[in-house]
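Take a look at the structure below.
Nothing in this text is a laboratory measurement; each read-out follows from the coordinates by a stated rule. Computed from a predicted model, the values in this text were never measured in an experiment. Here Cβ is always computed from backbone atoms with ideal geometry, including for glycine, and neighbour counts include all displayed protein chains.
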Amino acid sequence: MSDVKKIVLLGAGYGGVLTAKKLAKKFKKRDDVTITLIDKNPYHTMLTELHEVAANRVPEDAVRISLEKIFAGRKVNIVLDYIQEIDFEGKKLVGDVNTYDYDYLVLGSGSKPAFFGCKGAQENAFTLWSFEDALRIKQHIMDNFTKAVSERDAKKRQKLLTFVTIGCGFTGVEMAGELGEWVKRLCQDFDIDRSEVKLYIMDLLPKLLPMLDDKLIKKTENRLNKLGVEILLNSNITEVKKDGVIINNERFIESETVIWAAGIEGSDIASKLDIEKIGRNRVQTDENLRAKGKENVFVVGDNIFFIPEGEERPVPQMVENAEHSSALVAKNIVATINGGELLKYKPKFHGMMVSIGGQYAVAQVGSAQKPMKFTGWIAMFIKHFINVIYFLQVAGFHKVWNYVIHEFFSVPDRRSFLGGYFAKRSPNFWLFPLRLFVGYKWLEEGIAKLPRVLENPSDIFLIPAKVAATSGASWADTATAASQVAEAATSGGAEAATSAWGAALPVPEWIQGIVDWSMNLIFYSSDGSFTFMATFFQTAMVFAEIVFGILLIAGLFTAISSLATVAMGIMIWSSGMAPFEMLWYIFGAIALVGGSGSTFGLDYYVLPWLKKKWKKVKWAKKWYLYT
C-alpha cells in the first residue's frame, strides 16, 4: 500500500482554487502528499463578474484565469474531466476520461441555476452562470439590435428590443444595471431611439435585494429606474415561452431575451451524491466542514450547508464564504494528515456589495447588528477593493493588473465609477516630440555639469553649504549659502538663478524642514563640511541626468525613465533650487509615463522581447509578476 496521501479537489471555483493554493503552500516540501484539482474547464471563472461580459463592459478574458497560470510553480496537478460519479466507499471519482483515487476529497463543485419548476424556464431562458452563458447573452443582444434595425413590423421590432431579467437578487440586479448602461451605446451604434428599448426586472418577492437595508433597496430602485429599468415585484412567473413571459397567469410580456437569475442549487454531481443533503442539494456538513458521516470528505463554497453556532440561517452562498471555508478546510486536512486538532467553522461575514452598472453600487458592511451603509462612488470603491483582495490571493499581480486595466483604464463610455477620466488613452504618437525634447534637456543639463564633476568630484556645487540655525546665523552666512544655491541652480549653463521665468519655486516650510533634517543627517559632517555621501549623490545625479536623457531620446524604458526624471525634478524643487522652468520638466515627464517609446523608440522592440523572457522566469510565474 502506498504511503502517499492523495488529496483531490473537485471543482475550480472560488473555494476549490483557494483551497488548492493553501494546500500547495502547506505541503510544498512534502513528496508524500499529492494534490489534484479536477474541473471540466481549463480556467477559473469569476462568476460574480459575468454580468460585465454579458453587457460588454469588459472583454471576455477579464472574467477568467487560466488554471495553469494560477498554479504555475506549485505542486498541484490540474486534470480536465467531467466527473459523473463519486464512490465514497471505494474512494474514487469516475469521470468521462478516467477514474481518480483519493484519500481526502474536497467537494467544491459549486452550483447551477435553480428553476423552481417554472414551466419553460430551463428550455427558453438564458442563464448567467458560466463564461459561455455570458458570451451567449452578449452575442444574442447584439444580434437582436442588428435585426431590429431592419425590422419594419412594429410588433416584431418591439419584441426584439425588449429584455427581461428574472430574479431580483445580486445577479439579477447587477445584470439589469449593466443592460441599462449598455443599451445607451447600442442605441447610438444602431441608430435606435432609446424609448423603443424596454428593460424589465421581476421577481415573486415583494422587494428586490431583501437582504439589504430598506434605504439601500430604495437607492437601488432609484438607480434602476434612472437607467430605464422597470421593476415588477410580486410577480409570479407562470411560464417562460420562446417569445416572452407570462406573469401571474394574466400578463404576457413579449420578448426574445429572457435572462434567468432567480436562484441557484447544487451542481449536477452534488444532486447525484449518496450523501446527506439539505435545501437545494447543499451538502450537510459538521462544524469541521466535513460531509456528515464522511471523515475524509470536506466541503467548500456553495456546496456547504452549515448553520454556525448562534445563527439561525445557513452560511450564505457567496464568495466570502468560499474564502473562509477554503482556509479552514486546508488547515483541517493538514491537521488530519499531520495529526492535530480540527478547527471549527466560525465565519464572520463582512457584508455585501451590489453594483448597478459600472458607475454605481450599494454596500452594507460590518456586523449584522450595526451595519454600515454606503452608496454610489464609495460603495463601488469598496466592491473593487474587495475584488482586488480576492484576485491577489488567486493570481497575484498579474490578475490585479488586468483587473485595473479592464475596470478603470480601458472601459468604454465612461462605464466606471471613475468616469472617463482614466479611460482615455492619448495616442502616444503625439508624445514623440515631447519625449525627444525632455530627454534632450536632461541630457544637456548633465553634459554641462559633467566636466566639473570629472575634474574634481569633491567640489560640491549641487548641494548648498550648511547654514547655521536661524537664531545664530549672520547675514554673511545666509548670503554665502544663497549664492551657493544660485550657483547650483545655474550650473547647467543658465545665466541667472532666477531666470527669465522668475525666482526659484517656493517650498512649503514643512517640506523644507524634512529636507534640511535629511541633508544634515546624510550630507554634512559635524564641522559643517561635506560627507562622502554628498560627493556620491552629486556624481550620481549628474550621471542620472545623462543616462535618463539618453533613454528618453532613444525611447527605451520610457515609463521608468520618465518617473525617474519626475523624481529628480521633485528633489531639485524640494531642495529650494528649482527655477520656474522645472515645472515643465516635471509635468512633461508625467505626460510621458504612459509611454511613447512604442512610437519610434526602442521600447517597440525591447519590451515585447523582455516580457517574453520574463514570463518564463520560474519565480516570476509563480508570483504572477507579469502583465
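Axis angle, to the nearest 10 degrees, between helix 376-404 and the longest C-alpha principal axis of the chain: 80 degrees.
How would the stretch 52-101 be classified by its alpha-carbon gyration tensor: rounded, prolate or oblate, with rounded meaning a/c under 1.5 and the a/b versus b/c comparison settling the rest? Note, shape of the stretch 52-101 comes out oblate. Residues with beta-carbon under 14 Å from that of K207, excluding K207: net charge, scoring Lys, Arg +1 and Asp, Glu -1? Within the 14 Å Cβ shell, the charges total -1. Under the shape rule built on the C-alpha gyration tensor, where the axes satisfy a ≥ b ≥ c, the stretch 16-107 is oblate, since a/c reaches at least 1.5 while a/b does not exceed b/c. Cα axis of helix 509-522 to longest principal axis of the chain: angle in degrees, 0 to 90, nearest 10? On a 0 to 90 degree scale, this one is about 70.
Ordering F587, Y360, A554 by the projection of their Cα atoms onto the charge dipole of the chain, which places +1 on the Cβ of Lys and Arg and -1 on the Cβ of Asp and Glu, puts Y360 at the extreme positive end.
Using a simple spin-label model with pseudo-atoms 7 Å out from Cα toward Cβ, Y626 and K215 lie 4.8 nm apart. Summarising the label geometry, the points placed 7 Å from Cα in the beta-carbon direction at E230 and D516 lie 7.2 nm from one another. In the set [x] 27.7, 90; [y] 36.1, 124; [z] 31.5, 97, the label that goes with Rg and Dmax of the Cα atoms in Å computed for this structure is [z]. Full extension of the chain between K184 and I78 gives 33.9 nm of extra length, using 0.36 nm per residue less the Cα-Cα distance. In a DSSP loop and with at most 11 other Cβ atoms within 10 Å, the trypsin sites (Lys or Arg not before Pro) in the stretch 291-354 are K348. The C-alpha atoms of the chain define a longest principal axis, and helix 170-190 lies at about 70 degrees to it.
For K156, the shell of other residues with beta-carbons less than 13 Å away shows a net charge of -1, using +1 for Lys and Arg and -1 for Asp and Glu.
The trypsin sites (Lys or Arg not before Pro) of the stretch 82-189 that meet both conditions, a loop assignment by DSSP and at most 15 other Cβ atoms within 10 Å of the site Cβ, are R152.
A simple spin-label model places the labels of Y605 and D87 6.2 nm from each other, with each point 7 Å out along Cα-to-Cβ.
Between L208, Y440, L23, the Cα set farthest toward the positive side of the dipole of the chain (charges on each charged residue's Cβ, about the Cα centre) is that of L23.
Length gained on full extension, E254 to K344: 27.3 nm, using 0.36 nm per residue less the C-alpha separation. Stretching the chain fully between Y440 and L135 yields a gain of 104.9 nm (0.36 nm per residue, less the alpha carbon separation). Let me know the shape class of the stretch 269-427, please: from the alpha-carbon gyration tensor, a ≥ b ≥ c as square roots of the eigenvalues, rounded when a/c is under 1.5, otherwise prolate if a/b is greater than b/c, or oblate. Note, shape of the stretch 269-427 comes out prolate.
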